[in-house]
1. For region A:459-506, which residues satisfy the criterion of being assigned to a loop (DSSP other than H, G, I, E, B) and within 12 Å of DNA strand B (Cβ to nearest atom)?
2. If a residue must be among the hydroxyl-bearing types (Ser, Thr, Tyr), away from DNA strand C (no atom under 15 Å from the Cβ) and touching a residue at least 40 places away in the same chain (Cβ under 8 Å), how many such residues does region A:146-196 contain?
3. Could you tell me which numbered condition A:Leu235 fails, if it satisfies all but one of (1) outside any strand (DSSP E or B); (2) touching a His at 6+ places or on another chain (Cβ under 7 Å)?
4. Looking for whichever is over 24 Å from A:Gly355 (Cβ atoms), in contact with a helix residue (DSSP H, G or I) (Cβ under 9 Å, 6 or more places away or on another chain) and in contact (Cβ under 8 Å) with a residue 40 or more places away in the chain here; the options are A:Val486, A:Val455. Which one fits?
5. Which of the following residues is crowded, with 20+ Cβ neighbours inside 10 Å and either touching a Pro at 6+ places or on another chain (Cβ under 9 Å) or in contact (Cβ under 8 Å) with a residue 12 or more places away in the chain (or both): A:Glu113, A:Glu34?
6. Please specify each residue of region A:449-507 satisfying the condition of being surrounded by 13 or more Cβ atoms within 10 Å (Cβ to Cβ), within 15 Å of DNA strand C (Cβ to nearest atom), of a type in the set (Lys, Arg) and more than 24 Å from A:Met403 (Cβ to Cβ).
7. I need the full set of residues from region A:324-343 which are more than 21 Å from A:Pro272 (Cα to Cα), in contact with a strand residue (DSSP E or B) (Cβ under 9 Å, 6 or more places away or on another chain), touching a residue at least 24 places away in the same chain (Cβ under 8 Å) and part of a helix (DSSP H, G or I), in order please.
8. For region A:238-255, what are the residues that are touching a strand residue (DSSP E or B) at 6+ places or on another chain (Cβ under 6 Å) and within 16 Å of DNA strand B (Cβ to nearest atom)?
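What follows is calculated from the coordinates using simple rules that are stated; it is not laboratory data. Keep in mind that what you see is a predicted model, and the values were worked out from it rather than measured. Glycine also receives a Cβ, built like all others from the backbone with ideal geometry; neighbour counts cover every protein chain displayed.
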Amino acid sequence: MLLTELVTTHGAVAATRSRLRKRELLAQALRTAEPGDEVEVVAAFLSGRPRQRRTGLGWRTLARLPAPAVEPSLTPLEVDAALDRFAAFAGSGSQAARAAAVDELFSRATAHEQDFVRRLILGELRQGALDSLLLDAIAAAADVPLAVVRRAAMFSALSGPLARAALTGGEPALESFRLVPGRPVRPMLASSAPDVAAAMERFAGAPVAADTKLDGIRVQVHRDGDEVVVFTRSLDDITDRLPEVVALARSLDVRSVVLDGEALLLDDAGRPLPFQETASRTGTHEADGEGGRLPLTVRFFDVLHHDGTDLVDAPAAERLATLDRVLPPQAVVPRVVTTDPDEVATFFADTVASGNEGLVVKALDAPYAAGRRGAAWVKVKPRHTLDLVVLAVEWGSGRRRGMLSNIHLGARDPATGDFVMLGKTFKGMTDAMLTWQTERFLALETGREGHVVYVRPVQVVEIAFDGVQRSTRYPGGMALRFARVVRYRDDKTAAEADTVDAVRALR
DNA sequence: TTCCGACAGTGGGGTCGCAAT
DNA sequence: ATTGCGACCCCACTATCGGAA
């Protein structure tokens, strides 16, 4: 199989909006590939995620490519091998050698192939199909029920091996993907609700478990005998960075266990430190200077396996009972179980007052839906809002090409009368708002620099956000976390917008 | 026939490690 | 020493398709 066939498939997939048609196109490509190494690579490419997570190549490195080839000759397996070579250069210090290897690959690619491979490496395939639709395509290509493919996917971080199994061994081969302590499981994700009442409504009066949502990093901890492995949400192995978590897992009175939880830093009083502190600690390799370092805390909210028993399909109530039996109480995320919305609302207020991020409300009868953003988990977080002023706008990309999209946000500084930038946002805008703001901000334009259009600071916008974090990037030393647009406010002038002092008060 | 669950896209700030300057 | 880049932590929200109701 030639890479150019894959590029054609990619183009056809991008050209149609029908997901059924996309599925058929992807399935066709999977059937065409050699069932073995080739189909594994083809599946990975078509899911937009090559096997090699890190190649050391980003938009900057790939901005300038050599002259393309005229005739297609590359195969998917050759590209895969090249990505392996790029990955091997990471940390080797030989940038020049890597640049030469990049040149070598791209000079063998046609213009279309260059574009495809660059998008692939950058994770910007933009064909309206990623991993999830690929699972559909695998089922179609191998004529296997989708449920069987999805089941296998729970226990395989990558989808390439699923395609290989499905197309070489069919359903029985897929059924060999099971939970094995030491091998990562795709994490279950939560949908979100605006408040506790809305979250509770989704469960229609059935009892729920309301778990404290800790503001740290997600950890999946596996223990098998004395072996302990810690995975992140994206299933990277970070065992060597979290010795405290390893120690806790070893201390448990179990033979084997798979736990889902959150790691974070607490101060001496047990109050969570800002997320940035946890990110710094968990991002640092060993840093053996123990002096004065706060220990990392880990708390768990789910268990997927215990001493030979898989619990993924067990109802949450049973998993929680096992969790409470296996772990000391302080290692379990604080939780209430109830049908009463008022009780959950009170718990929410208390947990937020204690410095936590919010709650995750969970159905007690639901299994662990690995790899899915199921309705069985609903997160609720408090929301702040401010009225800020738009200082500049950036031209959008993809479906927002030709629209002014990403807005720069400023708070009024009463001392100087100027505006202090606090961050940007592109979230919360409807298509109608994008159309409106493109016209509006072009009318307010004062100048341009690259893809940024500067405007007269007169348009007020109501912004929702999760909190204020410290910033080295912005002049006020503060940035908004998860800022999104609520609405434009034409009933307020810039002079009536919120001030930097109001923002400081939220720190 | 209408409703709604699940996906993909569109980017945000911060942190680290590494290589080049 | 500082800076730029790549990778990866944390993400929210809207539009859309197609199966569910």
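1. Quick first cut of region A:459-506, residues assigned to a loop (DSSP other than H, G, I, E, B) only: A:459, A:466, A:471-477, A:482-483, A:490-493, A:497-498, A:505-506.
Selection gives A:Asp466, A:Ser471, A:Thr472, A:Arg473, A:Tyr474, A:Pro475, A:Gly476, A:Gly477, A:Phe482, A:Ala483.
2. Step one: list which residues in region A:146-196 are among the hydroxyl-bearing types (Ser, Thr, Tyr), which gives A:156, A:159, A:168, A:176, A:191-192.
Subsequent filtering for residues that are away from DNA strand C (no atom under 15 Å from the Cβ) retains A:156, A:159, A:168, A:176.
Among the residues that remain, those that are also touching a residue at least 40 places away in the same chain (Cβ under 8 Å) are: A:159, A:168.
Going through region A:146-196 one residue at a time, the tally reaches 2.
3. Only one criterion is unmet by A:Leu235, namely (2).
4. Details: A:Val486 fails: in contact with a helix residue (DSSP H, G or I) (Cβ under 9 Å, 6 or more places away or on another chain).
One residue alone meets the criteria, A:Val455.
5. Details: A:Glu34 fails: crowded, with 20+ Cβ neighbours inside 10 Å.
When all the criteria are applied, what remains is A:Glu113.
6. A:Arg481
7. Scanning region A:324-343 gives a single hit, A:Val326.
8. Hits for region A:238-255 are A:Ile238, A:Thr239, A:Leu242.
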